1. Can you list the residues, at least 5 places off or on another chain, whose amide H is less than 5 Å from the amide H of E93, using H built in the peptide plane?
2. Treating only the Cβ of Lys, Arg, Asp and Glu as charged (+1, +1, -1, -1), what charge dipole size does the stretch 1-136 show about its Cα centre? Round to the nearest 20 debye.
3. Order M4, M78, most accessible first, counting only protein heavy atoms with a 1.4 angstrom probe.
4. Would you list D36, D248 from the most to the least accessible area, probe 1.4 Å?
5. I'd like the Karplus ³J(HN,Hα) series for the stretch 275-282: coefficients 6.51, -1.76, 1.60, θ = phi - 60°, whole numbers in Hz, and an x wherever there's a Gly or Pro.
6. Set Lys and Arg Cβ to +1 and Asp and Glu Cβ to -1, take the dipole of the stretch 101-161 about its Cα centre, and tell me which of T121, G106, A131 lies farthest positive.
7. Return one quarter of the surface area of the convex hull spanned by the alpha-carbon atoms of the stretch 201-351, equal to its mean projected area, in nm².
8. One quarter of the convex hull surface, Cα atoms only: what value does that give for the stretch 1-132 in nm²?
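The values are calculated or read from the model by the stated rules, or taken from the named source; none is laboratory data. Owing to the predicted nature of the structure, the values given are computational and were not obtained by experimental measurement. Note that we place each Cβ from the backbone using ideal geometry, even for glycine, and neighbour counts take in every protein chain shown. Ligands, DNA and RNA are stripped out before the accessible areas are found, and what is left, the full protein with its side chains, is counted by its heavy atoms. Shrake-Rupley method; radii C 1.70, N 1.55, O 1.52, S 1.80 Å.
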Amino acid sequence: MRTMQSDYMHWAKFKRPVRYALTSSEVPHFHLDQLDWSKADLDCDGASHPRYARLRERIAARYGVAVDQVVAADGTSMANFLAMAALIEPGDEVLVEHPTYEPLLGAASFLGATIKRFERTASDGFRLDPASVRAAMSDRTKLIVLTNLHNPSGALAGETELRAIADLGPRILIDEVYLDAAGQRSAVHLGPAFVITNSLTKVYGLSGLRCGWILAEPELAERMWRLNDLFGVNQAHQAERLACIALDHIDEVIGENPAMLAANRAAFNAFLAGRDDISCAPAEHGITAFPRWAGGDTQCLDDRLRAAYDTAIVPGRWFEMPDNFRIGFGLPTGDFAEGLSRLGRALDDLA
Ligand SMILES: Cc1ncc(COP(=O)(O)O)c(C=O)c1O
């Protein structure tokens, strides 16, 4: 049966809020009133603005790619779906990393793909291993799907591994929604085999804008635009205008977030070093890590954190690895430190 919903996304949206949300995989929300702009910058004429040129130009300029390689979409979420919808025919074999972000599997299933998996191994720091991709491939593999940085672990795949995967033949869809936290350039620069998606959500704190995009070779990008005429047609124009304002002030939007993330990663690494019941490669990049707990299924850890400590983590069952849990570094440093301390107490309670 093809997937008709994302149970993970439903859980992520509607779980009971807590004070210390170590679940969060994005930096604190950015408030656009901090930027210098006026109401007149939002053209409220009610008109539709197909393929809004100003926004595409800004995205293209950020990457140094041609404007006709840019397809706008509502968040990385719709970007992933639209990209897959243009790339997958029912029955096509699609090779998806394990573990991964569940909606990627859901979208491929909904589109009628035959899904196969390749392993990213915990003992190897969830490194992207081209040999493991090759071993799982068949001559029917149409598309390889992965995240970089990896969600849940935050592992960074370097250009050497990515090029080795491009040599395998099929097209590669990479969700790069966390990549800008690591400062590595996009895989779009590595050749036409790569289709990438991203947005102003995780690293920029602007999830509410739903400003996402796909970068692909022009002919494929055109196919995606045409397909989108069946889905959303155009985006909310005021949101596109606001996205242009945000992109024009991107350094202000980023602000102190890199320093905050670095401080939180350091605090997490110190926490890890002091415990023998959780194991994980030290966090080097990004906004998430995916430690393994010696106590088994981490659902009870989340239950304990919520019941006694007003704190939460993402249980590993949402990433098909129940004994792990995902922790996010996107909280203000004081809150993150307090969340970690509560996590430590909950782990002690369950020891
Ligand atoms: C890998 C990945 N892709 C996409 C998204 C959703 O991003 P957006 O808000 O841009 O749709 C998330 C959010 O958790 C994610 O982890």
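1. Residues meeting the criterion, in which the H sits 1.01 Å from N, are T114, K142.
2. On the way: 16 positive and 18 negative charges, 68 e Å.
About 320 debye.
3. Values: M4 135, M78 50 Å².
Result, largest first: M4, M78.
4. Numbers: D36 135, D248 90 Å².
So the residues, ranked largest to smallest area, are D36, D248.
5. Running phi through 6.51 cos²θ - 1.76 cosθ + 1.60 with θ = phi - 60° gives 10, 10, 9, 10, 9, 5, 5, x Hz.
6. Most positive-ward Cα: G106.
7. Seen from a random direction, the Cα hull of the stretch 201-351 projects 11.7 nm² on average.
8. Values: hull surface 52.3 nm².
Averaged projected hull area, Cα only: 13.1 nm².
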